[in-house]
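Peer 1: Below: one structure in structure tokens.
The values are calculated or read from the model by the stated rules, or taken from the named source; none is laboratory data. Everything numeric in this text was worked out from a predicted model, so none of it was measured. Neighbour counts are summed over all protein chains in view; Cβ atoms, including those assigned to glycine, are modelled from backbone coordinates with ideal geometry. SASA here: full protein model, heavy atoms, side chains in, ligands and nucleic acids out. Shrake-Rupley method; radii C 1.70, N 1.55, O 1.52, S 1.80 Å.
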Amino acid sequence: MNYFEIRAKVLLSIQRALWGMIYPSIRAIAVGFEGTKKLKVVCF
């Protein structure tokens, strides 16, 4: 599995996990990767 396949699966999993859990005061969610070992999720 290459980087792009892993990235797509992770992003879809995050989307599924957050579905219906976001309330109006959250304006944006940023997801970032640092290599293949670290995932960073920031909510604004």
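Peer 1: Looking at residue 25, is it part of a helix (DSSP H, G or I) and among the hydroxyl-bearing types (Ser, Thr, Tyr)?
Peer 2: The answer is no for residue 25.
Residues checked against (1) under 14 Å from the mean Cα position of the chain (by Cα); (2) without any contact (Cβ under 8 Å) to a residue 60 or more places away in the chain; (3) open to solvent by 100 Å² or more (accessible area, probe 1.4 Å); (4) at positive phi:
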{"residue": "3", "(1), (2), (3), (4)": "no, yes, yes, no"}
{"residue": "21", "(1), (2), (3), (4)": "yes, yes, yes, no"}
{"residue": "31", "(1), (2), (3), (4)": "yes, yes, no, no"}
{"residue": "36", "(1), (2), (3), (4)": "yes, yes, yes, no"}
{"residue": "43", "(1), (2), (3), (4)": "yes, yes, no, no"}
